[in-house]
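Peer 1: Once you've had a glance at the structure underneath, I'll fire off some questions.
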Amino acid sequence: MLKYYNFDIVFAEVPDEVSLAINITNCPNHCVGCHSPHLLQDIGTVLDETELRALLDEYKKDVTCVCFMGGDAEPVSVENLAKMVKREYPTIKTAWYSGKSKISEAIAVTSFDYIKIGGYDDAKGPLNNPGTNQKMFSVDSEGNMTDVTSWFWKNKKR
C-alpha cells in the first residue's frame, strides 16, 4: 500500500509545470547521499484514489502536473494513480520520479507525461548537473520517450 509523507507545490521538478509533488515513503533504493532519508521508512498517510482526489480537488486550480516522488516499491500502484489522474483530471499532466536505473516493465509508460529514472549519485549530482546519471523523459501518447534532461541545465533552450 502506497503511503506519502507530505506534498508541496513546486516549480523545478518538471520544467514548465507547476507540480503537486507527492513524497512517497517506503523507498527501496537507499541511494547514498539521499536528501530525504526519512522516506525510506514505511510511514505516512495512505495514498489511494480517494486521497489523491482530495488533494487534487483542493489544488487542481493551482497545478498543471502531479509528480509522484518515489513509489518504486509499488510501481503498478503509482501507475494506477497516474491513470486515474489522466481519466478524471485530463488537463493535469503526470510525472514519476523513480530512483531505479530503468523503468519497471510492469507499467505502461503512456500512463505518464514525464518519467525520471536514476538513483541519486552524489558524485554525479542531481538533474540540473550536466554530468548527472539521472534522466528525465517526456512521453508522448504513442509511448515514445524523448530525453529532456537538458531542460534542467541553466542557459539551455527548450
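The values are calculated or read from the model by the stated rules, or taken from the named source; none is laboratory data. Since we're looking at a predicted model, the values are computed, not measured. Positions of Cβ are generated from backbone atoms using ideal geometry, with glycine treated the same way; all protein chains shown enter the neighbour counts. For accessibility, only protein heavy atoms count, side chains too; no ligands or nucleic acids. Shrake-Rupley method; radii C 1.70, N 1.55, O 1.52, S 1.80 Å.
Peer 1: Determine if the stretch 75-98 includes at least one residue that is within 14 Å of the chain's Cα centre (by Cα), farther than 29 Å from TRP153 by Cα and polar (S, T, N, Q).
Peer 2: Yes: the stretch 75-98 contains one or more residues that are within 14 Å of the chain's Cα centre (by Cα), farther than 29 Å from TRP153 by Cα and polar (S, T, N, Q).
Peer 1: Go over the candidates ASN29, ASN23 one by one and state the one that is open to solvent by less than 50 Å² (accessible area, probe 1.4 Å), assigned to a loop (DSSP other than H, G, I, E, B) and polar (S, T, N, Q).
Peer 2: So the residue among ASN29, ASN23 that is open to solvent by less than 50 Å² (accessible area, probe 1.4 Å), assigned to a loop (DSSP other than H, G, I, E, B) and polar (S, T, N, Q) is ASN29.
Peer 1: Filter the stretch 96-126 down to the residues that are aliphatic (A, V, I, L, M) and in a loop (DSSP other than H, G, I, E, B), then identify the one that is surrounded by the most Cβ atoms within 10 Å (Cβ to Cβ).
Peer 2: ILE107
Peer 1: Tell me whether the stretch 97-107 contains one or more residues that are under 18 Å from PHE11 (Cβ atoms), of a type outside the set (A, V, I, L, M, F, W, C) and in contact (Cβ under 8 Å) with a residue 24 or more places away in the chain.
Peer 2: Among the residues of the stretch 97-107, at least one is under 18 Å from PHE11 (Cβ atoms), of a type outside the set (A, V, I, L, M, F, W, C) and in contact (Cβ under 8 Å) with a residue 24 or more places away in the chain, which makes the answer yes.
Peer 1: Something else: As an exercise: evaluate ASP16 against (1) under 12 Å from CYS65 (Cα atoms); (2) without any contact (Cβ under 8 Å) to a residue 24 or more places away in the chain and give the number of the one condition it does not meet.
Peer 2: The single condition ASP16 does not satisfy is (2).
Peer 1: In addition: If we keep just the residues of the stretch 85-95 that are touching a helix residue (DSSP H, G or I) at 6+ places or on another chain (Cβ under 9 Å) and over 15 Å from VAL14 (Cα atoms), which is surrounded by the most Cβ atoms within 10 Å (Cβ to Cβ)? Step through it out loud before you land on a result.
Peer 2: Here is the first cut: in the stretch 85-95, the ones touching a helix residue (DSSP H, G or I) at 6+ places or on another chain (Cβ under 9 Å) are 85-86, 88-89, 92-95.
Applying the additional criterion that residues be over 15 Å from VAL14 (Cα atoms) yields 85-86, 88-89.
Working: VAL85: 24, LYS86: 17, GLU88: 14, TYR89: 17.
Step by step, filter the stretch 85-95, then rank; the result is VAL85.
Peer 1: Now for a different question. Is it true that some residue in the stretch 47-67 is charged (D, E, K, R), within 24 Å of PHE137 (Cβ to Cβ) and open to solvent by 30 Å² or more (accessible area, probe 1.4 Å)?
Peer 2: Here is the first cut: in the stretch 47-67, the ones charged (D, E, K, R) are 48-49, 51, 53, 57-58, 60-62.
Those still in the list that are within 24 Å of PHE137 (Cβ to Cβ) too: none.
For the stretch 47-67, residues charged (D, E, K, R), within 24 Å of PHE137 (Cβ to Cβ) and open to solvent by 30 Å² or more (accessible area, probe 1.4 Å): absent.
Peer 1: Next question, about the same structure. Restricting the search to the stretch 141-158, which residues are loosely packed, with under 13 Cβ neighbours inside 10 Å, touching a residue at least 12 places away in the same chain (Cβ under 8 Å) and assigned to a loop (DSSP other than H, G, I, E, B)?
Peer 2: The answer is SER141, GLU142, GLY143, TRP153, LYS154, ARG158.
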